[in-house]
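Below: one structure, written as structure tokens.
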Amino acid sequence: MAFLNVDQINKHFINERKEEINALSDLTFLCHDGEFLCLLGPTGCGKTTILRIISGLEQPDNGQVLVNEQGVHGINQESTLVFQQYSLFPWRNVIDNIAFGLEMRNINRTKRYARAQEFIDLVGLRGFEKAFPYELSGGMQQRAAIARALAYDKRLILMDEPFGALDERTRHRLQEELLNIWRQQRKTIIFVTHNIDEAIFLADRILIMHDRPGYVENELKIVLPRPRDRKSPDFIKLHIGIREVLEDMLNSG
């Protein structure tokens, strides 16, 4: 039984010119408990929209999201969302940002700070507990955002191109750290990206999304052993194959 079932989701918007934009069309897929699933596709194919629908921040026009066979209505209490823009509170230091969700759940100060410290250590930010977001690099801010998501202790972590704004070296390092955290925590992760290399390096399974309207064009189970070597012939061959699929899809559209 799948942990998450996204079932025939449709979503449209009206843009500033009063034109109807069909963002998602009968989008359907499953995600299993503890799986690392990547949604891969071009900009504008609805990847962010489906994360917002799964989280409950937006509602679909048709279709449903099921968690453990129960429909999601309103905010999905099983999920937390990590954005590309870090989304840290600028007036809170690192430990207070990470402890925010625990504070909202009325967990006492001693316990929430102890738990926040656990995740600060986990993401390698020990020594920066009292630093404010403007004092951190982009990579460090994203570590704090990931730690805050983990501190919520939700089963499903939704990640919207969280490393997209970072330089390649920092992005690769954070990808490795994210995999280490995933192995330790065994959360279910749905990770949105348009970067083929990133998807292959991270995912158990990749869903290739069609350009607008978005739906699953192709599904690939990644069987390369971990840790994955980006320079290996199998990795490079898979990268080329996925790129050709994306190019054919865009050219045919």
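The values are calculated or read from the model by the stated rules, or taken from the named source; none is laboratory data. The structure displayed is predicted, hence computed values, not measured ones. Methodologically, a virtual Cβ is constructed for each residue, glycine included, from the backbone with ideal geometry; neighbour enumeration extends over all protein chains shown. SASA here: full protein model, heavy atoms, side chains in, ligands and nucleic acids out. Shrake-Rupley method; radii C 1.70, N 1.55, O 1.52, S 1.80 Å.
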Which of the listed residues, 83, 13, 210, is farthest toward the dipole's positive end in the chain, when Lys, Arg count +1 and Asp, Glu count -1 at the beta-carbon?
-> 83
Can you flag which of 11/47; 11/187; 187/231; 11/154 are past 21 Å Cα-Cα?
-> 11/187; 187/231; 11/154
Protein-only accessible surface order, largest first, of 25, 252 at 1.4 Å = 252, 25
If the chain between residue 137 and residue 248 were fully extended at 0.36 nm per residue, the gain over the current Cα-Cα distance would be 36.2 nm
Between 25, 241, 140, whose Cα lies farthest towards the positive end of the dipole of the chain when Lys and Arg beta carbons carry +1 and Asp and Glu beta carbons carry -1, centred on the Cα centre?
-> 140
Counting Lys and Arg as +1 and Asp and Glu as -1, each charge on the Cβ, what is the dipole of the stretch 41-100 about the Cα centre in debye, to the nearest 20?
-> 220
Could you order peptides 129-135, 60-66 by the average number of other Cβ atoms within 10 Å of their residues, highest first?
-> 60-66, 129-135
Hey, got the dipole for the stretch 1-110? About the Cα centre, +1 on K and R Cβ, -1 on D and E Cβ, debye to the nearest 20?
-> 420
Treat every Asp and Glu Cβ in the chain as -1 and every Lys and Arg Cβ as +1, leave all other atoms uncharged, and give the resulting dipole magnitude about the Cα centre to the nearest 20 debye.
-> 1040
Mind listing the phi-derived Karplus ³J(HN,Hα) values for the stretch 193-202, rounded to whole Hz, using 6.51, -1.76 and 1.60 with θ = phi - 60°, and x for any glycine or proline?
-> 7, 10, 9, 4, 4, 5, 4, 5, 5, 9
